[in-house]
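Each remark here refers to the structure printed beneath this line.
The values are calculated or read from the model by the stated rules, or taken from the named source; none is laboratory data. Just so it is clear, the structure is predicted and the values come from calculations on it, not from any experiment. All Cβ positions, even for glycine, are placed from backbone atoms using ideal geometry, and neighbour counts span all protein chains on display.
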Amino acid sequence: METLPTGGLDTAPAGSVATTQKPPPDTLTLQATGSEFTGWKTIRVTHRLEGCPSDFEIAMSERYPLNPKVLQIDAGDPCVVKIDNDVVVTGYIDRVILGASPREHTIRVQGRGKCQDLVDCSITPEVLTGMQVFTSSLLDLATKLAAPYGITVSSLTGDKVPVQLPNGAILQFNAVLTETPYEVIERVARWAGVLGYEGTDGNFILANVGAGKMASGVKMGVNIQQGAVMFSMDERYSEYLPVLQSVNFYDGAVGGQQFAKVFDKGVPRFRNLVVVSEQSQFGTFFAERRAQWEAARRLGRSRSVHVTVDSWRDSANALWAVNYFAPVDLPQLKLSPSEPFVIGQVDFAIDRDRGKVAELLLMPKEAFLPEPIILQPFPWDPTAQPQPAGGAALPPGENPNNGDRGPGLG
């Protein structure tokens, strides 16, 4: 654990060192206002695969009042949080909390990554003319929505993340004026079947589940201080019945049109769940795909691993990273080595009781698969003939009057 010299934080201009002594390994540095601050006594930095942005809270305490010139940090200042030379958060300071007691002064600094502006702020109306979205590329759409906030978007999928309809038409849907850029991007990302999360540089990433592999994993007796494995059955079902709508006022059928069931053979007794896709477009393919996702996600989330490991890094000295596969070996907890799990959340922490640890949440990749959705489930005009989203002409050979509601998602 880092030791704080009498008088307060270690501070030095950015690019220089505060003392002549080499800092200990895994020193957390806050860069802000042209200076570097170290000497923090408690640390929490959180990266999430689900949810955005990354965030941090760091704190220290000292016995004597600070020199006002030492801590020149204000809420709203841009900042970079580093562990040694590795950047972990690039963003802004949200809050600076100062406290005092008869024996000490305390300082807490809270902040989040740059993508907080995509989550907190509204869509800039000039970006989306008339709030209508026309796009064939999620990467292009996300780039346009993020640009006003100085955020770039990259794709780890190897392409521009196409979102065209099965018949090649350009995707079209309506955004709501009060929506945030992140809400729109996240909706279309689910349509495209990819994940969206913040990178350590504060910019936005589009990726498939499992963007890489850690050099090592977690193993009892090697790097785990404590661990817990949850095996659950209460949210799994033996049969999933896909239907288009929860009610049908025309033919009296249960849930309207029904399709092929999806089965989870790992459930030992009959448990049925009706999965409603609430759609009037894309018929059987989407409804069944939605039920398949429901079954896979519930199965994936029925095996979750929470571990506290004794290092912030793997065997190759890389910081633990979300959306990376890592082997899990916990035979004492009835989880033998199998296919690697995906890291869903990482907390880098230092506190008085545990020292320096990393807390990891890992689950099978199925637990993180994006939910398939229809961006515009119902036509704005109920008297109009069924069409693919965006009003594009139906593919050749499809009769809008024969009950066929579309070709389904690609």
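Only a single item in (1) charged (D, E, K, R); (2) more than 28 Å from V357 (Cα to Cα); (3) in the same structural domain as T38 (by TED's automatic domain parsing) is not met by E126, and it is number (3). Filtering segment 116-151 to residues that are free of Cβ contacts under 8 Å to residues at least 60 places away in the same chain, loosely packed, with under 15 Cβ neighbours inside 10 Å and assigned to a loop (DSSP other than H, G, I, E, B) leaves S122, T124, P125, E126, G150.
Considering only residues of segment 352-367 that are touching a residue at least 40 places away in the same chain (Cβ under 8 Å) and assigned to a loop (DSSP other than H, G, I, E, B), which is nearest to A189 (Cα to Cα)? The qualifying residue nearest to A189 (Cα to Cα) is P364. For segment 215-249, which positions are surrounded by fewer than 16 Cβ atoms within 10 Å (Cβ to Cβ) and hydrophobic (A, V, I, L, M, F, W, C)? Within segment 215-249, A215, V222, A228, M230, F231, M233, V247, F249 qualify. Cβ-Cβ contacts under 9 Å between residues 6 or more apart (or on different chains), taken from a first residue in segment 330-351 that is assigned to a helix (DSSP H, G or I) to a second residue that is buried (at least 21 other Cβ atoms within 10 Å of the Cβ), are listed as L333/V305. For P5, state whether it is touching a helix residue (DSSP H, G or I) at 6+ places or on another chain (Cβ under 6 Å) and either modelled with pLDDT under 90 or not assigned by TED's automatic domain parsing to the domain that holds V184 (or both). Taking the combined requirement at face value, the residue does not satisfy it.
For A169, indicate whether it is of a type in the set (G, A, S), out of contact with any Cys (no Cβ under 9 Å at 6 or more places or on another chain), more than 30 Å from T38 (Cβ to Cβ) and not in a loop (DSSP other than H, G, I, E, B).
Working: of a type in the set (G, A, S): yes; out of contact with any Cys (no Cβ under 9 Å at 6 or more places or on another chain): yes; more than 30 Å from T38 (Cβ to Cβ): yes; not in a loop (DSSP other than H, G, I, E, B): no.
Taking the combined requirement at face value, the residue does not satisfy it.
Of all residues in segment 301-323, those satisfying the criterion of being surrounded by fewer than 19 Cβ atoms within 10 Å (Cβ to Cβ) and either in contact with a Ser or Thr (Cβ under 7 Å, 6 or more places away or on another chain) or not in a loop (DSSP other than H, G, I, E, B) (or both) are S304, H306, T308, S315. For segment 29-58, a residue qualifies if it is under 24 Å from V119 (Cβ atoms), of a type outside the set (V, I, T) and in a strand (DSSP E or B), and the qualifying residues are L30, Q31, A32, R44, H47, R48, D55, F56, E57. Residues in segment 31-54 that are in contact (Cβ under 8 Å) with a residue 60 or more places away in the chain, over 14 Å from V87 (Cβ atoms) and more than 25 Å from the chain's Cα centre (by Cα): W40, K41. Suppose we filter A14, A32 for residues that are modelled with pLDDT under 90 and out of contact with any Leu (no Cβ under 8 Å at 6 or more places or on another chain); which single one remains? Residue meeting the stated conditions: A14.
Out of segment 267-292, which residues are in a loop (DSSP other than H, G, I, E, B), at negative phi and at pLDDT below 95?
Just the residues of segment 267-292 that are in a loop (DSSP other than H, G, I, E, B), to begin with: 267-271, 277-282.
Pick out the ones that are also at negative phi and you get 267-271, 277, 279-281.
If the condition is that a residue be in a loop (DSSP other than H, G, I, E, B), at negative phi and at pLDDT below 95, then S277, Q279, S280, Q281 are the ones that fit.
For P370, the conditions (1) touching a helix residue (DSSP H, G or I) at 6+ places or on another chain (Cβ under 9 Å); (2) assigned to a helix (DSSP H, G or I) are fulfilled apart from (2). Flag: V176 matches the condition of being part of a loop (DSSP other than H, G, I, E, B) and touching a residue at least 12 places away in the same chain (Cβ under 8 Å).
The set of residues in segment 47-73 being of a type in the set (S, T, Y) and modelled with pLDDT under 95 consists of S61, Y64.
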